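Chemist: Provided herewith is a single structure, encoded as structure tokens, for subsequent inquiry.
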Amino acid sequence: MKTYSQKSAEINREWWLIDASTMPLGKLAVVIADKLMGKSKVTYTPHIDNGDYVVVINAKDLVVTGDKMVQKKYYRHSGYPGGIKELRLEEVIEKDASRAIREAVKGMLPKNKLAAERMKRLRVFEGAEHTHTAQNPKEIK
């Protein structure tokens, strides 16, 4: 018996639609990362990027448990001394709701050469409307 290894010419990508208001941020990020990596497919090959496209809607209505809206912080640094900035999750959602989802998913993906291409296949929309209706995405409940 031989181990199957998928070729890059055999990749078949699907489109998935996920509503961010239906599950907490961490569980949402796990489901999205799974679809972006292609781990739910029987043809999963670790060194081939055979993941799917994921469209996330209702990012403004993001659900978190506990006091994470106030306690969870996002940091960035300008590179200069004393140049650290921090934002609470509620401020991040108010400013750019897709950032919270993108950073959560990026943290769930393996840190390798394929991560940037996988993140490009993630489309996040703040409202219920999206521009990918022509691709007929399948809804994940």
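Just so you know, all these numbers are worked out from the coordinates, no wet-lab data involved. All values reported here derive from a predicted model rather than from experimental measurement. With ideal geometry, Cβ positions are generated from the backbone for all residues, glycine too; neighbour counts draw on all protein chains shown.
Chemist: Residue under question is Thr3, and the condition is that it be in contact (Cβ under 8 Å) with a residue 24 or more places away in the chain, in a loop (DSSP other than H, G, I, E, B), of a type in the set (Val, Ile, Thr) and surrounded by fewer than 17 Cβ atoms within 10 Å (Cβ to Cβ); does it hold?
Modeler: So Thr3 does not fit the description; no.
Chemist: Glu91 is checked against (1) of a type outside the set (S, T, N, Q); (2) assigned to a helix (DSSP H, G or I); (3) in contact with a strand residue (DSSP E or B) (Cβ under 8 Å, 6 or more places away or on another chain); (4) over 24 Å from His132 (Cα atoms) and fails just one. What number does that condition carry?
Modeler: It is condition (3) that Glu91 fails.
Chemist: Is it the case that the stretch 52-65 has a residue that's of a type outside the set (S, T, N, Q), over 26 Å from Arg123 (Cβ atoms) and in a loop (DSSP other than H, G, I, E, B)?
Modeler: The answer is no, given that none of the residues of the stretch 52-65 is of a type outside the set (S, T, N, Q), over 26 Å from Arg123 (Cβ atoms) and in a loop (DSSP other than H, G, I, E, B).
Chemist: Please count how many residues of the stretch 6-26 are in a helix (DSSP H, G or I) and either in contact (Cβ under 8 Å) with a residue 12 or more places away in the chain or surrounded by 13 or more Cβ atoms within 10 Å (Cβ to Cβ) (or both).
Modeler: Count: 4.
Chemist: Considering only the stretch 36-58, how many residues are free of Cβ contacts under 8 Å to residues at least 40 places away in the same chain and in contact with a Phe, Trp or Tyr (Cβ under 8 Å, 6 or more places away or on another chain)?
Modeler: Counting residues in the stretch 36-58 that are free of Cβ contacts under 8 Å to residues at least 40 places away in the same chain and in contact with a Phe, Trp or Tyr (Cβ under 8 Å, 6 or more places away or on another chain) gives 2.
Chemist: May I pose another question? Are there any pairs, at least 6 apart or on different chains, whose C-beta atoms fall under 6 Å, with the first in the stretch 71-82 and farther than 18 Å from Ala104 by Cα and the second hydrophobic (A, V, I, L, M, F, W, C) and surrounded by 10 or more Cβ atoms within 10 Å (Cβ to Cβ), and if so, which?
Modeler: His77/Ile84
Chemist: If you don't mind, there's one more thing I want to ask. Quick one: Glu117 ticks every box in (1) more than 30 Å from Asn50 (Cβ to Cβ); (2) touching a residue at least 60 places away in the same chain (Cβ under 8 Å); (3) exposed (fewer than 14 other Cβ atoms within 10 Å of the Cβ) except a single one, so which number is it?
Modeler: (1)
Chemist: Take the stretch 94-122 and flag every residue that is acidic (Asp, Glu) and not in a helix (DSSP H, G or I). Spell out how you get there, then give the answer.
Modeler: Going residue by residue through the stretch 94-122, those that are acidic (Asp, Glu) are 94, 96, 103, 117.
Of everything in the stretch 94-122, just one residue is acidic (Asp, Glu) and not in a helix (DSSP H, G or I), namely Asp96.
Chemist: Under the condition of being exposed (fewer than 15 other Cβ atoms within 10 Å of the Cβ) and among the polar types (S, T, N, Q), which residue from the stretch 58-111 is nearest to Gly26 (Cα to Cα)?
Modeler: Within the stretch 58-111, the match that is nearest to Gly26 (Cα to Cα) is Thr65.
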